[in-house]
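See structure below.
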Amino acid sequence: MLPGVMRLYVAVAVSTFRRYTAYRAATAAGVFTNIVFGFIVAYAYMALWHERPNLGGYGREQALTFVWISQALAAAMALLGGGFQEELQERIRTGEIAIDLSRPVDMQLWWLACDLGRAVFHLLSRGVVPLAVGALAFRLALPQSPLMWLAFLLSALLGAVVSFALRYLVALSSFWLLDGAGVNMVNGLLTMFFSGMLLPLTVFPGAFGETARLLPWAAVLQTPADVLLGRHHGSGLGRALLFQAGWVLVLLSAGRAMQLRATQRTVVQGG
Amino acid sequence: MRNKQHHGGRGRFENNGGIELEDVEKVFTLRRRTGVLRRSREEVRAVDGISFTVAPGEMVGYIGPNGAGKSTTIKMLTGILAPSGGRLRVAGIDPARERIRLAHHIGVVYGQRTTLWWDLPLRDSYTLVRRLYRVPARRFHRNLDRCVELLDLGALMDTPVRQLSLGQRVRGDIAAALLHDPAILYLDEPTIGLDAVSKVKVRGFLQDINAEHNTTVLLTTHDLTDIEQLCRRVMVIDHGRLVYDGTLDGLHTLGESERTLIVDFERVLPPVTVPGARTVKTDGPRQWLAIPADASAAPVVAAVAAHHPLVDLSIREPDVEDVIAAMYARLPRG
Amino acid sequence: MARALDGLRAYRLIAAMWIRSAAAYRTSFLVTAIGSFTASGLSFAAILLMFSHVEVLGGLLLPEAALLYGTSNTALGLADLTLGNMVSLGQRVRDGTLNTLLVRPAPVLAQVAADRFALRRIGRIGQGALVLIWALAQVDVAWTPLKILLVPVMLISGAAIFGAVYIVGAAFQFCAQDAAEVQNSFTYGGNALLQYPPAVFAKEVVWGATFVIPLAFVNWLPVLYILDRGNPLGLPTWLAFAAPAVATALCAAAGLAWRAGLRGYRSAGS
């Protein structure tokens with residue numbers, strides 16, 4: 001039996017999941033787009049890895065796998081937009097947030113549950129299909145061992161929480177900024193570039209690359225992809241997951257601190 | 001106001017504010033998911049053979065329950081939807097074929113939706129109307145001045161629309177729909193959500209415009225008071241068919257519709273008996289008394305107050321649903 | 001013809017209203033314009049990163065690949081600025097606000113195209129044009145008058161081809177209101193395709209991009225002509241000059257698709 005509080009958040013996640021199942025046409029359209037982009041990028045990477053085999057430590061098959069994993073996780077991790085933050089920002093802008101804050105639920109956990117429900121839906125719909133298409137069309141380096149898949153799912157879950165925590169910070173900034181568009185924009189760009197969505201971070205050269213691989217965005221896509229590609233063994237796998245968990249801790253705590261300040265502010269203003 | 005002469009009388013309603021419908025139909029095909037891949041098709045006759053004529057300068061209420069085919073009819077009259085069958089003329093124009101030409105002759109106001117520019121001063125929305133409809137400058141300013149005066153918009157002209165109250169916004173929308181001198185004005189729930197003062201203002205303005213320009217008005221509403229004060233004629237649509245076309249009084253008589261007097265007494269009383277009213281419900285010190293819609297409430301109120309200690313009292317007008325439900329209860333079905 | 005002029009006039013009037021509306025949020029405008037500039041710049045950064053590891057990709061040097069990138073992004077940017085918001089037609093169909101456009105005396109296509117006109121989209125054009133200018137200065141080409149003429153012709157035809165895709169995509173939304181994203185596959189996806197050399201892709205992909213959805217005429221064929229490279233499918237190189245004809249035909253087809261979509265909407269309703 002789950003404790004009552006947990007059950008509430010599970011129910012929230014499940015209901016968000018359900019809500020997304022209603023948008024069939026939108027989901028199908030998204031899957032289609034992921035597949036189209038997957039093919040385009042796959043061909044570009046094949047040309048690149050043809051010129052430079054083993055670039056970034058990936059073989060050709062691993063590079064292609066990276067392409068399809070990026071497409072499979074793009075929607076789940078909200079790498080190209082989407083997710084809960086615009087809804088939350090709208091509630092902050094209109095002041096409806098005061099109602100949320102007065103509810104006997106934890107706002108951060110509530111939105112986390114929502115976003116995870118959405119992420120799971122997107123992983124199952126917009127993740128599985130493109131990856132399967134990619135695996136049919138190209139030779140991919142997907143692991144045989146179920147344990148590796150399990151490790152990947154764990155890493156993907158941590159990645160989803162990091163993605164959430166970053167966007168939660170962005171959304172809460174609306175308490176202080178009149179217009180969230182700028183912060184959204186900056187976060188979107190950073191996510192697109194430093195997650196590995198445009199090019200694997202292992203290909204980024206020198207110190208720039210080393211720094212990029214330590215940033216939180218790396219924990220969103222690059223790490224889960226590398227876990228699936230089997231680039232982390234034994235203690236290395238532990239370190240990779242720890243890296244993600246570290247960012248989860250830091251970012252969720254930052255979100256909590258920000259939420260506290262925002263609550264005080266709202267209370268002072270009288271809602 | 002009716003006997004004003006119309007200009008250019010080719011044909012009966014040629015190029016003026018008349019509306020003619022002859023056996024107009026609108027059939028929708030619904031596709032419904034019945035299984036994983038299986039779908040069923042179902043035909044829905046949203047408008048099922050409607051015929052009526054509205055003379056230029058008439059103000060007509062067009063009412064019916066939700067989903068009865070009201071808004072589908074209006075969409076066909078404004079050229080948004082093409083009818084599936086029948087003949088339709090608005091100001092002598094076939095709306096589906098000549099949508100753009102028709103647009104110059106009609107004005108449309110949605111009470112629940114604005115066509116004004118949210119972030120711009122009210123004035124800017126009017127300037128766009130002037131350019132889009134190519135209204136000559138002199139006529140535009142004459143119309144605008146008149147609207148500003150009658151609708152009390154003067155102080156609001158430079159206010160961004162998002163800062164207007166609902167009542168101000170609706171008044172702004174009505175003005176926007178009239179700047180190009182439409183012969184026909186469609187109003188969809190124009191007073192919904194408005195406070196009593198705004199309602200009075202809007203109704204008064206519509207009467208003035210109708211009297212001055214002989215503008216034809218077709219009004220859909222849930223508020224029977226709108227119709228009572230504006231329209232001599234009311235049409236009721238239900239299940240895609242015209243079920244009543246006549247005066248509002250006739251509708252009340254037909255439906256035996258009733259107003260409800262809600263009375264709060266000082267203490268719990270047995271159901272009161274007053275001539276001209278009947279007690280339909282009691283709940284503690286509160287009682288509901290029904291009075292015929294066409295009778296005055298004043299003698300009933302006086303009689304109640306004379307014999308029992310009152311705390312508060314209010315009157316609920318019958319709304320469209322009540323009247324139609326009552327009408328059905330009286331009519332032989334078939 | 002009179003109707004087209006009416007449409008352009010309505011477009012201009014409505015777009016001007018949106019620009020004035022956006023002026024109410026000046027900082028937001030600046031931020032999003034810079035964002036749009038940077039976002040499209042990031043994809044060029046990815047190409048630069050690729051070329052930091054290789055000399056040649058798909059048979060092209062960096063300035064030559066940049067020529068592809070610059071032309072495709074400028075063309076898409078132009079179409080995106082003028083017609084980009086047709087993507088939200090499905091939303092307007094769903095919430096019923098399309099009907100308010102249908103009672104105005106102006107072509108619906110022009111009104112939908114100008115809807116939420118956003119000058120900030122100029123960011124992509126600016127970024128594409130910058131790369132294009134840099135590429136034109138860097139490439140090693142024996143310029144002839146014909147090649148010089150081909151550059152503006154390519155940009156205008158390319159914008160028209162992408163524009164036709166936007167219109168067809170919007171027409172499709174009359175029947176599938178939630179499918180806005182399919183359109184992205186052909187606009188942003190097409191742009192992603194065209195910024196790489198055609199030699200990178202399988203023959204079938206290039207064939208499809210030439211004959212099925214003729215995106216190859218946006219920049220692949222003209223740029224290959226300018227660079228004196230043969231056609232990857234062995235087609236005659238003069239085909240590069242068919243771009244305006246292809247664009248015209250595509251726009252005509254898009255117009256028909258739009259009319260069919262709108263007619264379907266008006267007879268089926270929402």
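The values are calculated or read from the model by the stated rules, or taken from the named source; none is laboratory data. As the structure is a prediction and not an experimental result, all values here were calculated from the model. Virtual Cβ from ideal backbone geometry, glycine too; neighbours counted across all protein chains shown. The accessibility values were calculated without ligands, DNA or RNA, using every heavy atom of the protein model including side chains. Shrake-Rupley method; radii C 1.70, N 1.55, O 1.52, S 1.80 Å.
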| Rg and Dmax of chain C, Cα atoms, in Å? | 19.2, 58
| Rounded accessible area of residue C:34 (nearest 10 Å², 1.4 Å probe) | 100 Å²
| query | In peptide A:37-43, how many Cβ atoms from other protein chains are near each Cβ within 10 Å, on average? | reply | 5
| message | Per-residue counts of other Cβ atoms within 10 Å, averaged by peptide: what ranking do you get for B:205-213, A:24-32, highest first? | response | A:24-32, B:205-213
| remark: Amide H neighbours of residue B:258 at under 5 Å, excluding residues fewer than 5 places away on the same chain, with H built from the backbone geometry, are B:293
| request: Throw me the Rg/Rh for region B:158-242, computed over C-alpha atoms with Kirkwood Rh, two decimals. | output: 0.98
| task | Give the interface area between chains A and C as buried accessible surface, both sides summed, probe 1.4 Å, in Å² to the nearest 100. | result | 2700 Å²
| said: Keeping every protein chain present and rolling a 1.4 Å probe, give me the accessible area per residue for region C:2-263 in Å². | reply: 39 Å²
| Just from the alpha-carbon atoms, what are the Rg and Dmax of region C:1-150 in angstroms? | 19.4, 58
| query | Size of region B:143-202 along its principal axes in angstrom, Cα-based, largest extent first? | reply | 28, 26, 19
| Under a 1.4 Å probe, what is the accessible area of region B:194-334 per residue, stated in Å²? | 49 Å²
| said: For residue B:231, what accessible surface area do you get with a 1.4 Å probe? Give it in Å², rounded to 10. | reply: 10 Å²
| note | Here region B:114-128 yields Karplus 3J(HN,Hα) values (6.51, -1.76, 1.60; θ = phi - 60°; whole Hz; Gly and Pro given as x) of 9, 10, 7, 8, 3, 9, 10, x, 3, 3, 5, 4, 5, 4, 5
| field | Peptide B:150-160 - average C-beta neighbours from other chains (10 Å radius) | value | 0
| What's the angle, to the nearest 10 degrees (0 to 90), between helix B:298-307's Cα axis and the longest principal axis of chain B? | 30 degrees
| message | Using each residue's phi in region B:287-296, evaluate 6.51 cos²θ - 1.76 cosθ + 1.60 at θ = phi - 60° and report the 3J(HN,Hα) Karplus result to the nearest Hz, with x for Gly and Pro. | response | 10, 10, 10, 9, 10, x, 4, 8, 8, 7
| request: Would you mind getting the Kirkwood hydrodynamic radius of region C:115-270 from its Cα pairs, rounded to one decimal in Å? | output: 17.0 Å
| message | With angles folded into 0 to 90 degrees, how steeply does helix B:196-213 sit against the dominant principal axis of chain B? Use alpha carbons for both and round to 10. | response | 50 degrees
| field | Cross-link reach list, lysines versus residue B:75, counting only Cα pairs under 24 Å and skipping chain neighbours closer than eight places | value | B:26
| field | For chain B, the longest site-free run once trypsin sites (Lys or Arg not before Pro) in DSSP loop states with at most 16 other Cβ atoms within 10 Å are removed | value | B:135-231
| task | Using a 1.4 angstrom probe on heavy atoms only, work out the carbon and sulfur share of the accessible area of the protein assembly as shown in %. | result | 60 percent
| said: Between residue C:16 and residue C:56, what is 0.36 nm times their sequence separation minus the Cα-Cα distance? Round to one decimal in nm. | reply: 9.9 nm
| query | Does anyone have the angle between helix C:122-138 and the longest principal axis of chain C? Alpha-carbon axes, 0 to 90°, nearest 10? | reply | 20 degrees
| request: Could you please state, rounded to a whole Å, how far the C-alpha centre of region A:5-24 is from the C-alpha centre of region B:62-129? | output: 40 Å
| Cα convex hull of region A:3-265, projected area averaged across orientations, nm² | 14.9 nm²
| query | Got a sec? Charge dipole of chain C, +1 on Cβ for Lys and Arg, -1 for Asp and Glu; which of C:173, C:236, C:153 is way out at the positive end? | reply | C:173
| Size of the C/B contact, given as accessible area buried on both chains, probe 1.4 Å, in Å² | 2700 Å²
| message | Let me check I have the definition right: for region A:91-164, take the eigenvalues of the Cα gyration tensor, multiply each by 5, take square roots. What are those semi-axes in whole Å, largest first? | response | 36, 14, 8
| task | Anything in chain A that counts as a DSSP H helix reaching 18 Å or more along its axis (C-alpha) with Kyte-Doolittle mean of at least -0.5? List them, would you? | result | A:4-21, A:24-51, A:60-74, A:107-122, A:146-172, A:181-194, A:234-269
| Accessible area (Å², 1.4 Å probe, nearest 10) - residue A:37 | 50 Å²
| field | Accessible area in square angstrom per residue, region A:73-200, 1.4 angstrom probe | value | 42 Å²
| P(r), alpha carbons of region B:177-334 - 10 Å bins starting at zero, rounded % | 9, 31, 29, 21, 8, 2
| message | How large are Rg and Dmax for the protein assembly as shown when calculated on the C-alpha trace, in angstrom? | response | 32.4, 108
| query | Once label points are set 7 Å from the Cα along Cα→Cβ at both residue B:241 and residue B:225, what is their separation, rounded to one decimal in nm? | reply | 3.4 nm
| Does anything in region B:149-187 have its amide N under 17 Å from the 7 Å Cα→Cβ label point of residue B:101, and if so which residues? | B:183-184
| Can you pull the semi-axes for region A:95-234, root of five times each eigenvalue of the Cα gyration tensor, sorted largest first, whole Å? | 31, 20, 14
| Inter-chain Cβ neighbour average for residues C:175-188, partner chain, 10 Å | 5
| In whole Å and largest first, what semi-axes does the C-alpha gyration tensor of region C:124-189 yield when each eigenvalue is scaled by 5 and square-rooted? | 33, 13, 8
| field | Under the Karplus curve 6.51 cos²θ - 1.76 cosθ + 1.60, θ = phi - 60°, whole-Hz ³J(HN,Hα) for region C:91-104, x wherever Gly or Pro sits | value | 4, 5, 5, 4, 8, x, 6, 4, 4, 5, 6, 6, 9, 9
| Dimensionless Rg ratio for chain B, taking C-alpha atoms and the 2.2 N^0.38 Å reference | 1.14
| field | Reachable aspartates and glutamates, given that their alpha-carbon falls under 13 Å from the alpha-carbon of residue C:147 and they are not under 8 places away in the same chain | value | C:228
